[in-house]
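Can you read through this structure? Questions will come right after.
No lab work stands behind these numbers, since they all come straight from the coordinates. All values derive from a computational prediction rather than experimental measurement. FYI the Cβ positions are ideal-geometry reconstructions off the backbone, even for glycines, and counts take in every protein chain you see.
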Amino acid sequence: MRHLLTWIPVTAPGGAVSYSVEYQGEYESLYLSDCWIPSRWCSPTESSSCDITEDITATVWYNLRVRATLGSQTSAWSTTEHPFNRNSTILTPPKIEVTNDGSHMVIELEDLGPQFEFFVVYWRKEPGAEEHVKVVKNEGFRVYLETMEPGAKYCAKAQTLVKAIERSSAFSRTECVEVQGQALPMVLALFACAGFVLLLVGVPLSTWKMSRMLQNSCCPTVVLPDTLKITNSPQKLIRCRKEEVEPCAISVLSSEELLAAWI
């Protein structure tokens, strides 16, 4: 999204020729009586090109013109044949590089500036493989996409997106990478399967055992101590107590004995 205005330089003896660049948008044309605004980057300039990206920031039609100056001599204005609109920009596919970092698939995208995003498509190279999609902001560094299996090949491609002009490029060429090594051995697969079965059996058993332990800890079974257990008949105990109490209840004291006991 960098826009350059270029022109054929003027060859004249007697010194260096400088140039002035001006632009006119729809607002200047319709509401400011065909006013032209000098480019703050290229007025003047001795180059034969001008970066007008910061001048044409709206998605409208712009007219552009240039004139040459040598000393006190100034040429007529040379105007672009057709107005320019930045949404007519043709975006080119990005440059990508696909590598692997260990078992990870990594893609490195070309740094095109802050206006760009990338639409990345990647898949495992095999018949009927599912394509995965990832939208990546312009970062300029490596992006980790997927964990790859040893011995398998993975591919990726990308296209550029610019939301400011609602346009996208064609896809880049497909890049593939393969992780060296062999597929997972059958023995490891069997061990993994056995571990999974043990996990299914062990988890419910451990849960039941833990619940029993918690039940015994929080709500233990109370056993009555031997000292509180009744070994004799209750009828006998009551009868024995009556025999001890009745003599006391029917004893009669004389007045002299009562006075002596009180003293």
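Subtracting the Cα-Cα distance from 0.36 nm times the residue separation, let me have the gained length for residue 205 to residue 81 in nm, one decimal.
Once the chain is fully extended between residue 205 and residue 81, it gains 36.3 nm.
Same structure again: For segment 100-161, which chymotrypsin sites (Phe, Trp or Tyr not before Pro) are both in a DSSP coil and crowded by at most 15 other Cβ atoms within 10 Å?
In loop regions of segment 100-161 (DSSP not H, G, I, E or B), the sparsely surrounded chymotrypsin sites (Phe, Trp or Tyr not before Pro) are 141.
Here's a follow-up. Putting +1 on Lys and Arg Cβ atoms and -1 on Asp and Glu Cβ atoms, find which of 112, 10, 82 reaches farthest to the positive end of the dipole of segment 1-157.
Checking the options against the dipole of segment 1-157, the answer is 10.
What list of ³J(HN,Hα) couplings, whole Hz, do you get for segment 110-115 from phi and the Karplus terms 6.51, -1.76, 1.60, once you set θ to phi - 60° and write x for glycine and proline?
My calculation for segment 110-115 gives 5, 7, 10, x, x, 6 Hz in order.
In debye, nearest 20, what is the charge dipole magnitude of segment 4-86 about its Cα centre with +1 on Lys and Arg Cβ and -1 on Asp and Glu Cβ, if you could check?
Around 180 debye, computed over segment 4-86.
Another one. Using the crude model of +1 on Lys and Arg Cβ and -1 on Asp and Glu Cβ, and no other charge, please compute the dipole size for segment 96-178 relative to its Cα centre, in debye to 20.
220
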